[in-house]
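The values are calculated or read from the model by the stated rules, or taken from the named source; none is laboratory data. None of these values were measured; they are calculated from a predicted model. Because the Cβ atoms are built from the backbone with ideal geometry, glycine has one as well, and the counts that use them run over all protein chains shown.
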Amino acid sequence: MPRIVIFLDLDDTILQTAPKCPPDEPLTPAAFNRAGEALSFMTRAQQRLMAFWLEQGVVIPVTGRTDDALARVAIEFTSWRITHHGAVIRQADGSLPTWWYTEVRPALVAAQPLLWGLSARLSAEATAGRYRVANHSVDEWLTYISVKADDDGAALTRLRTHLERTGLPPELALHCNGNNLALTVRGAQKHDAVQRVIAELERDGPLVTIGAGDSLTDLPFMRSCDFALTPRNSQIQLETWEKTLSPPGGIGLGWGVW
């Protein structure tokens, strides 16, 4: 019988910060900061869905979180783990597969001058732009640049527009959703990692794969799966489904799953 494998984006898909949760909804802490304080939560529907998936299938996180940030998520993942927006792929024992060094690391190595140069430029403009910049790496290799802001997304929208206008090097890709922006390396993204892990898992027999995510940049890895799921009011739903389903002058239908 085919195994069910769920490739799961985490933030804003199966957990989210309190302001993004439905009002008056009982919540369960789901992710914590380094001090042990709850930062993200799960609704009852999310808990039920997660419990069902863990019972019936294999759940593989596909996240922009680093390994340390993933370790602070209160979900027990027992199989592969995809972090750093796809740049880091770990086996169940936490090790990097041997093919990571020959297939993924070369793309990261080639992009290092571009990432460091762009990071320096963004950092120099961070105060004026009202955002903050963080570099993330595995071993000595920079994997992606994270940019965050505390406003309603206006600062990152301005930055995104500026980056798109000036143009990014073809080796880099831009991810933007709300008050999170990331610059990643092509060839070391979520869909690359999901496709490679699917190939590994298929060695042991047939699969049924589900891709779950909330942002437009999750769509490529979701398309690599047999089925796709997105939460209600996600970026995917608001920017694609509603536009497609809303007749001229009408009301968008929109649906999803929490």
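Descriptive notes on the structure:
- Selected residue (criterion: modelled with the highest pLDDT) from residues of segment 241-258 that are surrounded by 15 or more Cβ atoms within 10 Å (Cβ to Cβ) and not in a loop (DSSP other than H, G, I, E, B): TRP241
- From the options ALA51, ALA30, ALA111, residue that is in contact with a strand residue (DSSP E or B) (Cβ under 6 Å, 6 or more places away or on another chain) and either in a helix (DSSP H, G or I) or outside the structural domain of GLY211 (by TED's automatic domain parsing) (or both): ALA111
- Residues that are assigned to a loop (DSSP other than H, G, I, E, B) and free of Cβ contacts under 8 Å to residues at least 24 places away in the same chain do not occur anywhere in segment 142-157.
- Tally of residues being within 21 Å of the chain's Cα centre (by Cα), in contact (Cβ under 8 Å) with a residue 40 or more places away in the chain and more than 18 Å from THR66 (Cα to Cα) across segment 1-21: 3
- Selection status of SER79, surrounded by 13 or more Cβ atoms within 10 Å (Cβ to Cβ), assigned by TED's automatic domain parsing to the domain that holds VAL208 and assigned to a loop (DSSP other than H, G, I, E, B): yes
- Selection status of PHE7, under 23 Å from ALA199 (Cβ atoms), aromatic (Phe, Trp, Tyr) and touching a Gly at 6+ places or on another chain (Cβ under 6 Å): yes
- All positions within segment 202-222 that are surrounded by fewer than 18 Cβ atoms within 10 Å (Cβ to Cβ) and either over 30 Å from LEU118 (Cα atoms) or hydroxyl-bearing (Ser, Thr, Tyr) (or both): GLU202, ARG203, ASP204, GLY205, PRO206, LEU207, VAL208
- The sole residue among GLY94, GLY117, GLY86 that is outside the structural domain of THR66 (by TED's automatic domain parsing) and either more than 17 Å from the chain's Cα centre (by Cα) or surrounded by 13 or more Cβ atoms within 10 Å (Cβ to Cβ) (or both) is GLY117.
- Filtered residues of segment 47-66 (kept if over 14 Å from ILE6 (Cα atoms) and touching a residue at least 60 places away in the same chain (Cβ under 8 Å)): GLY64, THR66
- For segment 22-35, the set of residues classified as touching a residue at least 12 places away in the same chain (Cβ under 8 Å) and under 16 Å from VAL73 (Cβ atoms) consists of LEU27, THR28, PRO29, ALA30, ALA31, PHE32, ASN33, ARG34, listed by residue number.
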